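See below for the structure under consideration.
The values are calculated or read from the model by the stated rules, or taken from the named source; none is laboratory data. Bear in mind the structure is a predicted one, so any value in this text is a computation, not a measurement. Glycine gets a Cβ as well: all are built from the backbone with ideal geometry, and neighbour counts include every protein chain shown. Quick note on the areas: whole protein, heavy atoms, side chains included, nothing else; ligands and nucleic acids left out. Shrake-Rupley method; radii C 1.70, N 1.55, O 1.52, S 1.80 Å.
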Amino acid sequence: MNAPHALPPPGTVTAATAAFAANVLEGLAQPQKRISSAWLYDRRGSELFEEITHLPEYYPTRTEISLLEAHVDDMARPVGPGAVVVEIGSGSSRKTPLLLRALAAPHAYVPLDLAEEFLWESARTLAREFSGLRIAPLLADFTQPFALPDDLQAPERPRLGFFPGSTIGNLSPAGAIAFLRLMAGALGADALMLIGTDCTRDPAALLPAYDDTRGVTAAFNLNLLARINRELGADFALAGFRHEARYRADLGRIEMHLVSRRPQRVRLCGRHFDFAAGETIHTENSYKYSRDDFCALAHAAGWLAEGSWSDRQQRFCIHRLRL
Ligand code: AVI
């Protein structure tokens, strides 16, 4: 019989908490336990991810920024004046200004994110530097259909999607195609997109990037259990789990797992879940696409890859797609 366990006090269960509980309960009941990586980003998780982007081992962020610094004018050249820029995930304070400065008199910037506080934060930061720019944050889940405000859909306005950071790699390839189709629907005919993808296939670079010596990535992964304890009233013993990064050359992806250090039982929402020693919860996939593989994926979603910029070591790529 499942042991009864305390649920959060009545009245505190929001739709987001219910969705979180449903995803965790369903994922922990699978033969390979798993939890969607979308739940890694509570406030603490977002802070830890920001810290990861500054680590010496985590090459994607600095490589992408160098690519933008060197080539953003070329990347942005076909975008006409008065563009509407739609960024997936709220604007990173380091990347978005580089793009906006390269555009001729952009009309509007639409950051799209599920995390409301980050949306407002990025809107405030950008409003300070780009005083004439209309900023229209959109609180939405980018894996679900969304629409731009009516007046920003005028066909004569150039529309540019911006999805930096290789976040598209956290979706499955089928999920990435579905996302690109959604973007095509939301941005409309003649739209352009700039997308950053990690194209590293070398485990000697990948494994340290996802298991750094300072343990920031480990803390980022383990924070998921702390979040489940706090928000869903579970009793995960954090010291009973350790972080592990695995490279799956066959699938072209890095996986993050939380490995149970010993046999143990965890209680959650009136149910229990048993772990054998060494059993894992799979918490993230990060797909690494070669240039050709990503162009083929974009093509399958109806986009033409018309330009790609990469660093000398071919670790990261920024693609320009056209509908
Ligand atoms: C957000 N995303 C692109 C990161 C990645 O590299 O897949 C998340 C991350 N996970 C561990 N380190 C960074």
- Hey, could you check the range 283-310 for residues that are among the charged types (D, E, K, R) and open to solvent by 30 Å² or more (accessible area, probe 1.4 Å) and say which is farthest from R242 (Cα to Cα)? E306
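How many of the residues making up the range 261-281 are acidic (D, E) and part of a strand (DSSP E or B)? Outline the logic, then answer.
Filtering the range 261-281 for residues acidic (D, E) gives 274, 279.
Now drop any that are not part of a strand (DSSP E or B), which leaves 274.
Number satisfying all stated conditions: 1.
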- Message: Looking at (1) open to solvent by less than 10 Å² (accessible area, probe 1.4 Å); (2) closer than 26 Å to K288 by Cα; (3) assigned to a helix (DSSP H, G or I), which one does L119 not meet, given that it meets all the others?
- Response: (2)
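Tell me yes or no: at least one residue of the range 267-282 is within 21 Å of F20 (Cβ to Cβ), open to solvent by less than 50 Å² (accessible area, probe 1.4 Å) and of a type in the set (A, V, I, L, M). Break it down into steps so the answer makes sense when it comes.
Within the range 267-282, the subset within 21 Å of F20 (Cβ to Cβ) is 267-273, 275, 280-282.
Still in the running and open to solvent by less than 50 Å² (accessible area, probe 1.4 Å): 268-270, 272-273, 275, 280-282.
This time we only want the ones that are of a type in the set (A, V, I, L, M), so: 268, 281.
Yes - at least one qualifying residue is present in the range 267-282.
Need at least 2 residues that are open to solvent by 10 Å² or more (accessible area, probe 1.4 Å) and within 15 Å of the ligand (Cβ to nearest atom) per element, so show me which strands (runs of 3 or more DSSP E) inside the range 165-260 make the cut, counting only ones lying wholly within it. Before the answer, list the steps.
Values: elements: 192-198, 241-248, 253-260.
By residue number, 241-248.
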